[in-house]
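We did not get these values from a lab; they are worked out from the coordinates using the rules stated. Small disclaimer: the values here were computed from a predicted structure and weren't measured. Cβ atoms come from the backbone with ideal geometry, glycine included; neighbour counts cover every protein chain shown.
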Amino acid sequence: MALLTVRAAAQRLGVGYSTLKQWIYSGRVRTTTTEGGHHRIAEAEIDRLVARGGGEAPVPATARRAPTGLIVALSGRNRLHGFIEEVRTDGLLAQVRLRIGDQRLTAVITADAVEELKLKRGDSALAIIKSTEVMIAREAELPRPARKTKARRRR
């Protein structure tokens, strides 16, 4: 009996990782838990979910459609519109520098992604930032110069 990770099982079912996790938490999908607390799903359980297909199966109809390749929605909310200033490819990786207003953002992506997206200098592009951590910082304020006061004459 082969056990799959949640991510691999989600891919086999054609659903998102977070969707499958919700099904697990609600008890709609049976899993085995590892000593480390990670869920594993048996291939038989995947087959059961696929076989249920129509009725009350947790697999939505949209997940069974053939992919079109066109993204119509995306969960990442931090989207920055800009223009590609530079693309440098070296081996498997590429560095893409995006100009966003008066700021610059550099991303390191695969050379395959650069080729697939046909990225080149001068093109408009979108940086989508999805992160588990966002840090906020404040710079120290510069000390204010001491005020010059006029010395009073004593009479």
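Note on segment 90-145: among residues that are basic (Lys, Arg) and in a loop (DSSP other than H, G, I, E, B), the one that is nearest to Arg77 (Cα to Cα) is Lys130.
Scanning segment 1-29 for residues that are within 22 Å of Ser75 (Cα to Cα) and touching a residue at least 40 places away in the same chain (Cβ under 8 Å) yields Leu13, Gly14, Val15.
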